[in-house]
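Heads up: the structure comes next, in structure tokens.
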Amino acid sequence: MEGAGDDGGGIKKNRLENGEASKLIVLGFMIAFCLFVTYYFHFILKSDIIFTHLFYVPIIIASLWWQRKGIFVAVFLALLLLASHLISPLETPIIGSDIARVLIFILVGTVVSILSERGQILEDRLRAYSATLEQRVDERTSELINVEEKQRAILDGISDAIIVLDGGLNITWANEVAVNQYGAVIGKKCYEAHKWLQEPCVECIARKTHADGVTRTSEEESTLKDGKRINFTASCSPIRDQDGRVVSVVEVLHDITKYKQAEDQIKASLREKEVTLLEIHHRVKNNLQVVSSLLNMQARNVKDKETGEVLSESRDRVNTMGLIHSRLYESGNLSEINMKGFIDKLLVQLFQISPVEDVEITQIVYADDCSLPISLAVPVGLIVNELLSNAVKHAFADRKEGKIEINLTASEGGRINLRVSDDGVGMPSGFDINESKTLGLRLVKILSEDQLQGTLEVTSDGGATFGIEFDLYDGRSTG
């Protein structure tokens, strides 16, 4: 066999060499004819007229046969034309028309060679594609033959129902599961078999797949031959012929009844848990309101002013936590709270419960529309409450008006920046929050650094500014 292959290659090589030799002989004859015509007109007839149109024949043929190498023929004939004028006994000078002919020779040879080269490339590509396509067709034909021989043994052992449909939705093949469970008899319509219908489904995916060849999947319901109601997924994939046309559709029916039942149970369980969690938030909010009311009553009944202020501060902290649970309950989002709405509501609540009569306070809030998990929202809310309460009580002594500003921003990297500032009297000289004995400021420091794992910075320049920065991590949980 190897010898035969070598012989075949040798014969093909000899044919190519013989073909090249024939081309060279023909081209040599044409060039010789051009030389003869040039010699005859210049030296025999002593005429300065040459029929240069004859030169285009070998130029074009050489460019077609050898592409860019054929340009040498155009250059040779162009030089021949110029040389014939120089050595002609007529001593004819080279004029502009001769130069133009020379340039046209070279231009024609170049253009034809480029076009021929591109045509050859395209022809080679088409030939390669044709060979590949023929190979694929042969491989596909062989595969189909093998599949036809093995499909019954393989597909009958699959637990899913497999049906092959033609363009009219007629069953042309079905495995044992499809026959035994769905009644998929060959020649029967698919919608008659597993849907018990007299007409095709309105959104029949098998018909759509047969029309455009796009694989589709849908979730459907049906009744088996034994009367059992099931849920299943129907997946339709096209079968194409050698020309790529869709000739049939393979429909796979996968029973998902158990999965649907489990999914329904999970959904029901989630609904129950959501209701329970909502009820928990509601009860926590109510309980905190009760505690707040008790603290408020106690604060009113005590005669000691300092004790009353302590109870009022505790009441405000409880109200802040209750507000968070209230916002979670009202929004329906049980895991996160929108901080912009929360801060606005917190300000309203704070000034309603503890109104400031002698000072007109301007409240400015700049808050990004971001959400925080409850594990972060609680400490942030308590920090804002403490800083607002502290500013209201101490920042505007002996003044008729003041301004409190709250900024809450979130960067794309999850960095949260909270700034609470006022234009009041500022912090006392030499103030150090690490040495502060005030419960509220100590609470702000603990919440910022321990609970939020952030940084706390206090500045006093034309008022007091508290800046807290911390990171927001998905799924973060704080104790």
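The values are calculated or read from the model by the stated rules, or taken from the named source; none is laboratory data. In this text the structure is predicted, and so the values were computed from the model without any measurement. For neighbour counting, all protein chains shown are included, and Cβ atoms are generated from backbone atoms with ideal geometry for every residue, glycine included.
Taking first residues from segment 192-209 that are on the phi > 0 side of the Ramachandran plot and partners that are β-branched (Val, Ile, Thr) and not in a helix (DSSP H, G or I), the Cβ contacts under 7 Å between residues at least 6 apart in sequence or on separate chains come to 196/223.
The single residue among 263, 251 that is assigned to a strand (DSSP E or B) and under 30 Å from the mean Cα position of the chain (by Cα) turns out to be 251.
Rundown of residues vs (1) at pLDDT 70 or above; (2) of a type outside the set (A, V, I, L, M); (3) outside the structural domain of residue 72 (by TED's automatic domain parsing); (4) over 20 Å from residue 59 (Cβ atoms), yes/no style:
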| site | (1), (2), (3), (4) |
| --- | --- |
| 10 | no, yes, no, yes |
| 13 | no, yes, no, yes |
| 35 | yes, no, no, no |
| 39 | yes, yes, no, no |
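Sub-7 Å Cβ pairs linking a first residue in segment 169-190 that is touching a residue at least 24 places away in the same chain (Cβ under 8 Å) to a second residue that is crowded, with 18+ Cβ neighbours inside 10 Å and assigned to a loop (DSSP other than H, G, I, E, B), at least 6 apart or interchain, are 178/184; 190/169, ordered by first then second residue.
When you check residue 436 against the structure, is it within 26 Å of residue 338 (Cβ to Cβ), free of Cβ contacts under 8 Å to residues at least 24 places away in the same chain and surrounded by 12 or more Cβ atoms within 10 Å (Cβ to Cβ), yes or no? The answer is no for residue 436.
Among the numbered conditions (1) touching a residue at least 40 places away in the same chain (Cβ under 8 Å); (2) of a type in the set (Ser, Thr, Tyr); (3) touching a helix residue (DSSP H, G or I) at 6+ places or on another chain (Cβ under 8 Å), tell me where residue 371 comes up short. It is condition (1) that residue 371 fails.
Within segment 337-350, does at least one residue satisfy the condition of being at pLDDT 75 or above, under 48 Å from the mean Cα position of the chain (by Cα) and among the basic types (Lys, Arg)? Within segment 337-350, one or more residues are at pLDDT 75 or above, under 48 Å from the mean Cα position of the chain (by Cα) and among the basic types (Lys, Arg). For the residues 44, 71, the requirement of being of a type in the set (A, V, I, L, M, F, W, C), at pLDDT 70 or above, assigned by TED's automatic domain parsing to the domain that holds residue 32 and surrounded by 13 or more Cβ atoms within 10 Å (Cβ to Cβ) singles out 71.
Search segment 407-441 for residues being among the acidic types (Asp, Glu) and part of a loop (DSSP other than H, G, I, E, B), and hand back the single one that is nearest to residue 470 (Cα to Cα). In this case the residue turns out to be 412. Considering only residues in segment 173-225 that are among the basic types (Lys, Arg) and over 36 Å from the mean Cα position of the chain (by Cα), the one that is farthest from residue 240 (Cα to Cα) turns out to be 225. Checked against (1) more than 50 Å from the chain's Cα centre (by Cα); (2) modelled with pLDDT of 75 or more, residue 318 passes all but a single condition, namely (1).
If you check residue 404 against the conditions, is it outside any helix (DSSP H, G or I), among the β-branched types (Val, Ile, Thr), at pLDDT 85 or above and closer than 25 Å to residue 310 by Cα? Considered against the rule, which asks whether it is outside any helix (DSSP H, G or I), among the β-branched types (Val, Ile, Thr), at pLDDT 85 or above and closer than 25 Å to residue 310 by Cα, residue 404 comes out as yes.
Between a first residue in segment 25-37 that is under 15 Å from residue 72 (Cα atoms) and a second residue that is modelled with pLDDT of 75 or more and not in a helix (DSSP H, G or I), which pairs have beta carbons less than 7 Å apart while being 6 or more apart in sequence or on different chains? From segment 25-37, no pairs qualify.
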